[in-house]
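Have a look at the structure below before the remarks.
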Amino acid sequence: MSIKEAKLNYIVEVAQKLFFQKGIQAVTIKDIAKEVGVGEATIYRHFAKKQNIVLAVAMSIFGEVSKGYFHQSQFTTGFDKIEAFYMSFYNIFKVHRDYYNFLAEFDLYISEQTTDLDAYENGIKTFFDDFNFAYSLGIKDGSIKEVENIELFYFSTTHAILELCKKLASDAKVLKQDVKYSNEEIETLIKLFLNNLKK
């Protein structure tokens, strides 16, 4: 790793910590520069605007969860792989609720910006590719029922799980029932989707 890459990684790491602590909107370039121990101009030299840092943090988190949670090679059937895929969202929820809090704010923040999201979109497309591979394997090995539109099924189910995880991870006051059953709600939703797929 070059010195430049190390500096960039450190800026992203610090920015992530600040975004998790204070929220994306509340953190400024000045805050990041101060925490890194450099002038604002140094941050701007690497990132033309704040949106680019926010996107870099999102890509860093994506890389981390992709590597740490979405490996399905140890599972043999297509159904087992998809079950592990869905359960990864739940496993992240148990350990890193802060990721879901960030993601909730990221979605709102980025929708208000004019940032080019192609790199981010291409990155998260790999999740669908993995899911689709597992689905195709499940059709071949007979562990999965055929779905009319697997892409629609994927987006509908993963968005539902993500939104539930973001809601339940929120620092905002939630209903007592959500506090009581947060883990079970996520598991139940995942089981519903899996029951629709299992042959």
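Annotations for the structure displayed:
- Selection status of Ile82, of a type in the set (Val, Ile, Thr) and more than 27 Å from Leu197 (Cβ to Cβ): no
- Filter result for Ile32 (buried (at least 18 other Cβ atoms within 10 Å of the Cβ) and either of a type in the set (Asp, Glu) or more than 19 Å from the chain's Cα centre (by Cα) (or both)): yes
- Checking each residue in the stretch 108-129 for being closer than 30 Å to Phe79 by Cα and either buried (at least 17 other Cβ atoms within 10 Å of the Cβ) or free of Cβ contacts under 8 Å to residues at least 60 places away in the same chain (or both) picks out Tyr120, Glu121, Asn122, Lys125, Phe127, Phe128, Asp129.
- Of note, Val12 does not satisfy the criterion of being in the same structural domain as Ile92 (by TED's automatic domain parsing), among the hydrophobic types (A, V, I, L, M, F, W, C), at pLDDT 90 or above and under 18 Å from Tyr100 (Cα atoms).
- Qualifying residue in the stretch 26-43 (condition: in contact (Cβ under 8 Å) with a residue 40 or more places away in the chain and either in the same structural domain as Asp107 (by TED's automatic domain parsing) or not small (Gly, Ala, Ser) (or both)): no
- Test: residue in the stretch 3-15 that is of a type outside the set (Ser, Thr, Tyr) and under 13 Å from the mean Cα position of the chain (by Cα): no
- Test: residue in the stretch 132-143 that is buried (at least 17 other Cβ atoms within 10 Å of the Cβ), among the aromatic types (Phe, Trp, Tyr) and under 23 Å from Gly63 (Cβ atoms): no
- Checking Ile43, Ile61 one by one, the residue that is farther than 22 Å from Ala104 by Cβ and buried (at least 16 other Cβ atoms within 10 Å of the Cβ) is Ile43 and no other.
- Set Phe89, Phe79, Phe70, Phe85: member being among the aromatic types (Phe, Trp, Tyr), modelled with pLDDT under 90 and within 26 Å of Tyr154 (Cα to Cα): Phe70
- Count of the stretch 82-106 residues, restricted to those that are free of Cβ contacts under 8 Å to residues at least 40 places away in the same chain and closer than 15 Å to Ala160 by Cα, is 1.
- Reported count of residues in the stretch 29-52, each being farther than 13 Å from Lys7 by Cβ and among the polar types (S, T, N, Q), is 2.
The values are calculated or read from the model by the stated rules, or taken from the named source; none is laboratory data. A quick note: this is a predicted structure, and the numbers were derived from the prediction, not measured. Cβ atoms come from the backbone with ideal geometry, glycine included; neighbour counts cover every protein chain shown.
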